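Taken together, the values in this text are just the output of simple stated rules run on the coordinates, not laboratory data. Predicted model, so just to flag it, every value in this text is computed and none were measured. Positions of Cβ are generated from backbone atoms using ideal geometry, with glycine treated the same way; all protein chains shown enter the neighbour counts.
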Amino acid sequence: MKICKIFNFLPHGDDRGWLVSLDKYSGLPFEIRRAYYIYGTESGLVRGKHAHKQLHQVAICLSGSCKMVLDNGFQRESLVIDSPKIGVDLPPMLWHEMHDFSDDCILLVLASDYYNEEDYIRDYQKFKKAL
Ligand code: T46
């Protein structure tokens with residue numbers, strides 16, 4: 001089974017460049033309640049390292065690149081993302097880590113709900129037990 005699910009967005013292009021619009025009609029699996037973005041992470045540092053109990057998210061690399069490591073408790077996959085035309089699905093109960101940030105990486109994350117620290121599982125063994 002493949003863990004990683006990718007959304008391919010449809011850019012609107014003309015002689016001025018590209019525009020991608022995202023909402024519930026463009027194939028996202030949830031209505032967006034929150035957006036945040038990550039930038040300025042040094043290449044040797046790792047972010048994420050958690051799963052969410054309920055939250056559903058999609059991560060989009062708007063600039064530069066980073067490596068997403070995804071783990072469903074049984075299998076681990078990784079992929080480098082470097083295009084604003086694709087989104088990585090981060091459903092509930094999927095352990096995710098972000099590695100190898102380029103200096104210019106801007107990672108946009110669209111989320112199904114507001115920030116809630118109670119929704120995080122930050123201990124891998126607890127994550128495995130909760131599956
Ligand atoms: C995730 C991955 C992809 C807030 O105050 N509001 C927010 O909406 C978020 C997301 C974070 N914060 C605060 C909490 C911490 O003090 O920002 C600080 C850094 O958060 P965290 O260490 O959780 O960041 P990452 O990069 O490890 O994880 C983030 C998201 O938190 C997480 O939900 O799935 O990106």
Quiz prompt | For region 8-60 and region 82-131, distance of Cα centres in Å | solution = 11
Exercise. Inverting the mean 1/r over all pairs of different Cα atoms, compute the Kirkwood radius of region 78-131 and quote it in Å.
Key: 13.6
Exercise. May I have the convex hull volume per residue, in Å³, for the Cα set of the chain?
Key: 113
Quiz item: Along the charge dipole of region 89-131, which of PRO92, VAL109, LEU131 sits closest to the positive end, that is, farthest toward it, with unit charges on the beta carbon of Lys, Arg, Asp and Glu (+1, +1, -1, -1)?
Solution: LEU131
Quiz item: Of all GluC sites (Glu not before Pro) in region 1-110, which ones are in loop regions per DSSP and have a Cβ with at most 11 other Cβ atoms within 10 Å?
Solution: GLU31, GLU42
Practice problem: Give the span of region 5-77's Cα atoms along each principal axis, as three whole-Å numbers ordered largest to smallest. | Solution: 43, 29, 23
Quiz item: Measuring from a point 7 Å past the Cα of ARG33 along Cα-to-C-beta, which residues in region 49-87 have an amide N at less than 11 Å?
Solution: 54-56
Quiz item: In debye, nearest 20: dipole of region 27-105 around its Cα centre with unit charges on the Cβ of K, R (+) and D, E (-)?
Solution: 320
Practice problem: Name the longest site-free stretch of the chain, where the excluded sites are chymotrypsin sites (Phe, Trp or Tyr not before Pro) in a DSSP loop with no more than 12 other beta-carbon atoms within 10 Å. | Solution: 1-73
